[in-house]
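Attaching a single structure in structure tokens format; questions to follow.
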Amino acid sequence: MDHIRNGMSAAELGPHGWCKPWSDDAGGACVEAMRLPDGRVALRQSTDPGGPALIYQRREIESFIRGAKAGAADFLLQQ
């Protein structure tokens, strides 16, 4: 797990284990997530599977999800 770092190529994490819990209705562009064996979470852009992976601690993802559910991210949808 020491080699897994923020910004590394998502391809280095392998092709298996990626999920698409968030997807747009236009088909194609979505965020993919992978739970790493040590509990961290990797995110990547589905249209660029070899691009950078963002690596988050479990507590960071938990905080984001709780905040989003509570409406804290609604400002991102405003035009």
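Would you tally the residues in segment 48-79 being surrounded by fewer than 10 Cβ atoms within 10 Å (Cβ to Cβ) and closer than 22 Å to Lys20 by Cβ?
Result for segment 48-79: 3.
Kindly check whether there is at least one residue in segment 67-78 that is outside any loop (DSSP other than H, G, I, E, B), within 15 Å of the chain's Cα centre (by Cα) and not hydrophobic (A, V, I, L, M, F, W, C). Quick ask: steps written out before the conclusion?
Looking only at segment 67-78, we keep the residues that are outside any loop (DSSP other than H, G, I, E, B), and these are 67-69, 74-77.
Keeping just the survivors that are within 15 Å of the chain's Cα centre (by Cα) gives 68.
From what's left, not hydrophobic (A, V, I, L, M, F, W, C): none.
The answer is no, given that none of the residues of segment 67-78 is outside any loop (DSSP other than H, G, I, E, B), within 15 Å of the chain's Cα centre (by Cα) and not hydrophobic (A, V, I, L, M, F, W, C).
Coordinate-derived values only; no laboratory data. None of the values given here were measured: they were computed from a predicted structure. Here Cβ is always computed from backbone atoms with ideal geometry, including for glycine, and neighbour counts include all displayed protein chains.
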